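Here it is, the structure, as structure tokens.
The values are calculated or read from the model by the stated rules, or taken from the named source; none is laboratory data. Quick caveat, the model's predicted, so the values are computed rather than measured. Here the Cβ positions follow ideal geometry from the backbone for every residue, glycine too, while neighbour counts run over all protein chains shown. Areas reflect the complete protein model, heavy atoms only, side chains present, ligands, DNA and RNA absent. Shrake-Rupley method; radii C 1.70, N 1.55, O 1.52, S 1.80 Å.
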Amino acid sequence: MKVTRAQIVDGAYELLRERGLSSLSMRRLALDLGVQPGALYYHVANKQELLAVVAARVLADFPASPADPRTAAQDLRAALLRVRDGAEVVSFVQAYRPDVLTPTRALNRLFAERFDARRAEWAARTIVHYVLGFVAEEQNRAELVRARIVDDEPAQERESGEAFLFGVDAILSGLSEKRREW
């Protein structure tokens, strides 16, 4: 059976959604697709490249031109939460190939209106890092609940969105203050 790059990306994305990053291996993906592992390497050079294209798929709904940094942070969080271990995958790709991720580029453009290029990049990375860390904690907590290691805390889950926005607003407020200092 022949396999296409699109089938590989779809299969990896579904495996990630259903079982998480720890289950996403080239061998497991090949087994799910009914091909030999070597067939995957014709379309993706290695697992790192596979994760980069899967991260792009995770972020597919993120708008290329968000209205403002606060909305962009909320959109990024929503995209990451839709996929099990989404924050971990995107965080890895942020380190591996930061140029391929839409949120950093989009936020950079938003901050470029207010700051010089270097500080706009720092501001964008600050927001992205905050969102990745916050969502990683949420997703790790969900894994612990699934594994019955900790009890589910509905109150914490209900307050999660409010706590998230509190942090985003604190960062944006700090950036506004920095702008005046520069």
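On the first, second and third principal axes, largest extent first, how far apart are the outermost C-alpha atoms of region 118-175 in Å?
45, 18, 9
Among the chymotrypsin sites (Phe, Trp or Tyr not before Pro) in region 1-97, which ones are in a DSSP loop with at most 16 other Cβ atoms within 10 Å of the Cβ? Mind listing them?
Tyr41, Tyr42
Right, something else. Full-extension gain between Ile149 and Ala64, please, as 0.36 nm times their residue separation minus the C-alpha to C-alpha distance.
Residue separation times 0.36 nm, minus the Cα-Cα distance, leaves 26.7 nm.
Determine the principal axes of the Cα atoms in region 1-70, then give the extent along each, sorted from largest to smallest and rounded to whole angstroms.
Largest to smallest, the principal-axis extents are 46, 23, 18 Å.
Taking a quarter of the surface of the convex hull around the Cα atoms of region 1-158, what do you get in nm²?
Result: a mean projected hull area of 10.3 nm².
Rounded to a whole number, what % of the accessible area of region 69-152 do carbon and sulfur atoms account for, probe 1.4 Å?
Its accessible area is 48 percent carbon and sulfur atoms.
Where the only charges are on Cβ atoms (+1 Lys, Arg; -1 Asp, Glu), what is the dipole of region 23-182 about its Cα centre, to the nearest 20 debye?
The calculated dipole for region 23-182 is roughly 540 debye.
Using only helices, what value at 222 nm comes out for the chain when you add -39,500 (n - 2.57) per DSSP H run of length 4 or more and divide by the total residues, to the nearest 500 deg cm²/dmol?
-23500 deg cm²/dmol
May I pose another question? Could you estimate the translational diffusion coefficient of region 49-137 from the Stokes-Einstein equation, with Rh from the Kirkwood formula over C-alpha pairs, at 4 °C and 1.567 mPa s, in whole µm²/s?
102 µm²/s
Could you state the accessible area per residue of region 92-132 in Å², with a 1.4 Å probe and every protein chain left in place?
52 Å²
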